[in-house]
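**Student:** Attaching a single structure in structure tokens format; questions to follow.
Derivation of every value follows stated rules applied to the coordinates shown; laboratory data play no part. Small disclaimer: the values here were computed from a predicted structure and weren't measured. With ideal geometry, Cβ positions are generated from the backbone for all residues, glycine too; neighbour counts draw on all protein chains shown.
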Amino acid sequence: MRLLLSSQIARTLLSLSSRAMSSSSYKSLLREKAFVNGQWVNAANGESFPVYNPANGELVCKVPDMGAADATAAIAHAQVAFEAWRGKTPSQRAALLHSWERLIQDRCEDLAALMTLENGKPLAESRGEVAYGASFIRWFAEEGIRVTGQTLQGPTPDKRIFTLKQPQGVCGMITPWNFPAAMITRKAGAALAAGCTVVIKPAEDTPLTALALCQLAADALLPPGALNVVTCSRSRAAEVGRVLTTDPAVKHVSFTGSTDTGKLLLAQASSTVKRVTMELGGNAPFIVFDSADVDKAVAGLIQAKFRNTGQTCVCPNRIFLQRRVSQKFLAKLCERVAEMKVGDGFEAGTQLGPLINAAAESKLERLLADAKQRGGRVLAGGQSVKVGSGAGHFFQPTVVSGLGRDSACFREEIFGPLVAAFEFDSEADVVELANDCRVGLAGYFYSADVGQCWRVAEQLNVGMVGVNESMVSSCIAPFGGWNESGLGSESGVGYGIEEYLNLKTVVLNLA
Ligand code: NAP
């Protein structure tokens, strides 16, 4: 009894100390104004919108609800800044980017607390995202130094040809709430290293991490106008988005978000033929073959599926289990799922934070109702969870089996902690099932058969494949989707930075 009490007290103290740390430390980076041309500014219309903590529904602060005029002004400042920024040597730009990256790493605890506050993800995951986000800035600082062109033979004796790669200009960027830091650094790091300047519209739910990154960029002495953040509410996203995708001064639109929004922005960007990078939605297959190491596959699924409460674009969405291994896999999965802790991201030991908002919870309930109606069996979870005041949107990690191709979980991106399991018989069947999809971002499979590993990796119509591995993203590897999952690549050797460079051919006459 005494042992039990002392462990309860220890847990409470741990959780209180983590709350105390988080609530005091993030304030030094909390900014309630937008960042344009190196200045903290209000919206021209004087309006603001609220930012809430998704774990308890409490108001964190308000930030400017900017509109078209603010976006146009930010682009004009970024255009002026571009003329000077492009003139710096790549090494000068790299030095500033390295300083920015170091400050981000130094302030990891504060940034992580701010991220958990506005996004809800467990503090440990937020810390991981800060490090992951910083890695892109370091990577691109180094990529920028190594941009090269070609020297070519001329078609006649008096000619020589060479190529130059030059920065495109002002880049408009629109980012989602699920990775409030990394989706910004993966884009802005590349563009800035290439010599471009940027205007970013972060998601309504998570503007605070974006603004904190601006403070650290200013501390690192990035020149005014190189990095600008225009905040706005969901009701003004279309207005600001239209400016970023149609203003002739913007030469590149980089977007991460849903496929539907991506298509709209692509159409708008076509009016001035801008370069585009589109990182859109996924519906990742996760295949477990009979020969797989089941414990490894279960661990891989837990890691990839429940990160950020299942709200990532590369989350396994359709879990395909070969018939002989299916029951064993599901039994082990349900054991692990039963141990997972749902709670406030600041509470020690929390593995699943809240869903981002009420709409996300409603979507999950709709997908679950559809699964049940089509004969799916709920093997674990299946309910929302009340945490604290009850104002947050928490959901149990849930496992449903016995689903078919007609289910909504097969067709739609789930974006929540719901494992939807399907059975299959042969390799050919599962490749066909996995590719029965209009998007193609990530795919995963577990198999001990080397020949099968080669074949299936080649046959999946996706941009990234994890073979006996469920973490596919790093600054080193190109990140991008096929088909309706997007256009272009972020990160990787050459690919990410090339997105922001124009290719120029110079033909020199020697005569
Ligand atoms: P979303 O609704 O498309 O929103 C993403 C961003 O676009 C937000 O900043 C949003 O602003 C803005 N936006 C929405 N409508 C707009 C419009 N008409 N004009 C201009 N901007 C507009 O996506 P989400 O639901 O937040 O994010 C989840 C989706 O992103 C999933 O499909 C996920 O797979 C995808 N995603 C993809 C990747 C990748 O790398 N491929 C990474 C992460 C997420 P508001 O916040 O104000 O609505």
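**Student:** Would you please give the FRET efficiency between Gln39 and Gln153, computed as 1/(1 + (r/R0)^6) with r the Cβ-Cβ distance and R0 = 35 Å, to the nearest 0.05?
**Tutor:** Rounded to the nearest 0.05, the efficiency is 0.10.
**Student:** Given contacts defined as C-alpha pairs under 8 Å and at least six residues apart, what's the relative contact order of region 284-474, whole-number percent?
**Tutor:** On the way: 363 pairs, mean separation 53.1, N = 191.
Here the relative contact order equals 28 percent.
**Student:** Please report, in debye to the nearest 20, how large the charge dipole of region 284-474 is about its Cα centre when each Lys and Arg carries +1 at its beta carbon and each Asp and Glu carries -1 there.
**Tutor:** Details: 20 positive and 22 negative charges, 84 e Å.
Computed charge dipole of region 284-474: roughly 400 debye.
**Student:** Take peptides 284-292, 93-101 and line them up by average Cβ neighbours within 10 Å, highest first, as a rough protection proxy. Spell out each step's value before the answer.
**Tutor:** Working: 284-292: 23.7, 93-101: 20.8.
Top of the packing list down: 284-292, 93-101.
**Student:** Right, next: Among the complete DSSP H segments of the chain, which ones combine at least 30 Å of alpha-carbon extent along their axis with a mean Kyte-Doolittle hydropathy of 0.0 or more? Can you show the working numbers first?
**Tutor:** On the way: long enough: 2-25 (34 Å, 0.33); 123-145 (34 Å, 0.08).
Long hydrophobic helices here: 2-25, 123-145.
**Student:** Specify the inter-centroid distance of region 211-238 and region 302-321, based on alpha-carbon positions, in whole Å.
**Tutor:** Using only Cα atoms, the two centres lie 30 Å from each other.
**Student:** Something else: Within 10 Å, count the other beta carbons around each residue, average over each peptide in 187-200, 396-409, and list them highest first.
**Tutor:** On the way: 187-200: 28.6, 396-409: 19.8.
Result, highest mean Cβ count within 10 Å first: 187-200, 396-409.
**Student:** Can you grab the distance from the C-alpha centre of region 182-196 to the C-alpha centre of region 268-289, Å, no decimals?
**Tutor:** 18
**Student:** Stretch Ser270-Glu58 to full length: gain in nm at 0.36 nm per residue minus the Cα-Cα span?
**Tutor:** Numbers: separation 212, 0.36 × 212 = 76.32 nm, distance 4.05 nm.
Result: 72.3 nm gained on full extension.
**Student:** Nearest 20 debye, what's the magnitude of the dipole of the chain about its Cα centre given +1 on Lys and Arg Cβ and -1 on Asp and Glu Cβ?
**Tutor:** Computed about the Cα centre, the dipole is about 460 debye.
**Student:** Let me ask something else about it. Report D for region 284-474 in µm² per second (integer): Stokes-Einstein, Kirkwood Rh on Cα pairs, 37 °C, 0.692 mPa s. If you can, show how the numbers build up before the last one.
**Tutor:** Values: Rh = 16.6 Å.
Diffusion coefficient, whole number: 198 µm²/s.
**Student:** Further question: For Lys121, which lysines qualify as cross-link partners when the Cα separation must be under 16 Å and same-chain residues fewer than eight apart are set aside?
**Tutor:** Lys305, Lys341
**Student:** What's the ranking of 230-238, 164-172, 382-390 by average number of surrounding C-beta atoms within 10 Å, highest first?
**Tutor:** Values: 230-238: 19.9, 164-172: 22.2, 382-390: 14.3.
My ranking of the peptides, most packed first, is 164-172, 230-238, 382-390.
**Student:** How would region 317-397 be classified by its alpha-carbon gyration tensor: rounded, prolate or oblate, with rounded meaning a/c under 1.5 and the a/b versus b/c comparison settling the rest? Numbers along the way, then the final one.
**Tutor:** Details: a/c = 2.71, a/b = 1.45, b/c = 1.88.
In terms of gyration-tensor shape, oblate.
**Student:** Once you have the alpha carbon radius of gyration of the chain, what is it after dividing by 2.2 N^0.38 Å, with N set to its residue count? Present the calculation step by step, with values, prior to reporting the outcome.
**Tutor:** On the way: Rg = 23.8 Å, N = 511, 2.2 N^0.38 = 23.5 Å.
Cα-based Rg divided by the globular estimate yields 1.01.
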